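Peer 1: Once you've had a glance at the structure underneath, I'll fire off some questions.
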Amino acid sequence: MPSLERESKRIVIAGASSLLGAELKSLLEESRFAGWDFRLVDEEIVAGTLTEAGGEPAVIQRVEKGSFEKARFAFFTGSPEFTRRNLGAAKSSGATVADLSGELAGDSNTVVWFPKLDALLGREFKKNAKAYAIPSAAATAAAALALPLSKNGLRRLAIVFFQPVSEAGRAGIEELESQTGQLLSFQGVGQPVFDTQVAFNMLNRFGPGSAQKLEAIRERVRVETQASLGKKAAVPAIQIVHAPVFYGTAFAAWAELEPGADSGKIASACGDAGFAIPAESDGGPSNVGATGEKAIQLAKPEADPSQPGSWWFWGAADNIRLPAANAVKLAEMLA
């Protein structure tokens with residue numbers, strides 16, 4: 001039996017078999033929480049999966065009565081439906097909930113948080129909240145761009161996100177890998193996850209038989225962005241497009257600012273909002289270059305000479321590591 005002291009330092013990762021859950025566990029083990037007691041739970045279909053925690057063998061368990069007992073933190077990294085079913089048990093245990101699934105972003109009793117958001121909104125850090133929502137990489141980028149631009153005469157903002165197949169989990173990665181090999185071998189492609197060809201192809205929607213719905217993902221990003229912005233800025237127009245890549249969310253944004261906006265001031269404001277702006281000699285942001293990074297990469301803003309007041313932005317973020325790293329930072333501030 002774990003000691004009472006160890007139980008008081010318990011972390012539950014609900015959705016532990018997901019890519020996000022695995023990344024979160026890895027980062028927690030490299031943080032000040034390395035010596036804490038990790039409890040890994042998930043859907044019944046993946047219960048029994050062998051993994052490791054704290055350097056020791058561990059088995060992912062199905063959620064049962066008492067799964068969240070004496071937990072200090074409960075991180076939800078699975079599907080929104082899984083979060084919805086188990087949120088009550090986590091809250092009743094007294095654990096502080098951090099939701100990375102998107103389920104709680106629109107809840108008025110939930111604090112949406114990512115690094116720099118408090119400063120951008122001009123608010124104090126809300127340390128005593130019972131539940132926090134960590135936005136997706138796309139929503140974090142949208143809010144982190146809209147807020148500093150709103151202080152630089154923003155009139156309109158539109159963003160197109162290029163989504164990798166890892167947003168559909170390991171099954172999505174395996175399907176893109178399989179289709180790529182099949183097409184290069186002039187074979188027909190299997191489509192059990194996306195119900196369409198995703199390799200060498202860009203799409204605004206998947207096949208009708210797919211459980212993956214880009215329109216649902218777009219709505220999640222919109223809700224998370226709106227919750228992050230509050231009344232400080234208007235929600236930008238958002239579109240989600242499938243890109244045939246494994247990891248990394250890239251985005252292109254167009255903004256209309258008041259005449260006289262200065263590129264240097266815009267870049268400085270974006271840097272203050274948490275974007276990493278590499279030197280031009282280092283090459284522009286890319287989904288490959290963003291892999292493993294904990295900050296969103298952003299190219300220097302470019303004015304559109306054909307439309308006075310119009311500016312283009314290009315950026316990329318690690319869609320798995322960014323929200324996981326933000327969740328760890330939140331826990332460190334709360335612990």
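The values are calculated or read from the model by the stated rules, or taken from the named source; none is laboratory data. Not measured: the values here are computed from a predicted model. Positions of Cβ are backbone-derived with ideal geometry, glycine not excepted, and every protein chain shown enters the neighbour counts. The area values use the complete protein model at the heavy-atom level, side chains included, leaving out ligands, DNA and RNA. Shrake-Rupley method; radii C 1.70, N 1.55, O 1.52, S 1.80 Å.
Peer 1: Do you know which of the residues in segment 262-287 that are assigned to a loop (DSSP other than H, G, I, E, B), among the hydrophobic types (A, V, I, L, M, F, W, C) and at pLDDT 95 or above is nearest to residue 138 (Cα to Cα)?
Peer 2: The qualifying residue nearest to residue 138 (Cα to Cα) is 275.
Peer 1: Of all residues being within 19 Å of residue 325 (Cα to Cα) and not polar (S, T, N, Q) in segment 165-187, which is least open to solvent (accessible area, probe 1.4 Å)? Just the residue, please.
Peer 2: 169
Peer 1: Okay, moving on. In segment 200-220, how many are among the aromatic types (Phe, Trp, Tyr) and open to solvent by 50 Å² or more (accessible area, probe 1.4 Å)?
Peer 2: Looking only at that region, the number is 1.
Peer 1: Filter segment 58-78 down to the residues that are over 24 Å from the mean Cα position of the chain (by Cα) and outside any strand (DSSP E or B) and list them by number.
Peer 2: If the condition is that a residue be over 24 Å from the mean Cα position of the chain (by Cα) and outside any strand (DSSP E or B), then 64, 65, 66, 67, 69, 70 are the ones that fit.
Peer 1: Could you please let me know if residue 256 is among the acidic types (Asp, Glu), in contact with a Lys or Arg (Cβ under 7 Å, 6 or more places away or on another chain) and at pLDDT 95 or above?
Peer 2: In short, yes.
The rows are residues; the columns are (1) on the phi > 0 side of the Ramachandran plot; (2) buried (at least 23 other Cβ atoms within 10 Å of the Cβ).
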site	(1), (2)
44	no, no
48	yes, no
63	no, no
68	no, yes
81	no, no
87	no, no
110	no, no
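Peer 1: If you scan segment 102-137, which residues turn out to be in contact with a Ser or Thr (Cβ under 7 Å, 6 or more places away or on another chain), within 16 Å of residue 78 (Cα to Cα) and in a loop (DSSP other than H, G, I, E, B)?
Peer 2: Passing the criteria: 102, 103, 104, 135.
Peer 1: Of the numbered conditions (1) at pLDDT 95 or above; (2) more than 20 Å from the chain's Cα centre (by Cα); (3) not basic (Lys, Arg), residue 147 fails exactly one; give the number of that condition.
Peer 2: (2)
Peer 1: Also: Can you pull out the residues in segment 294-303 that are over 16 Å from residue 267 (Cβ atoms) and open to solvent by less than 80 Å² (accessible area, probe 1.4 Å)?
Peer 2: none
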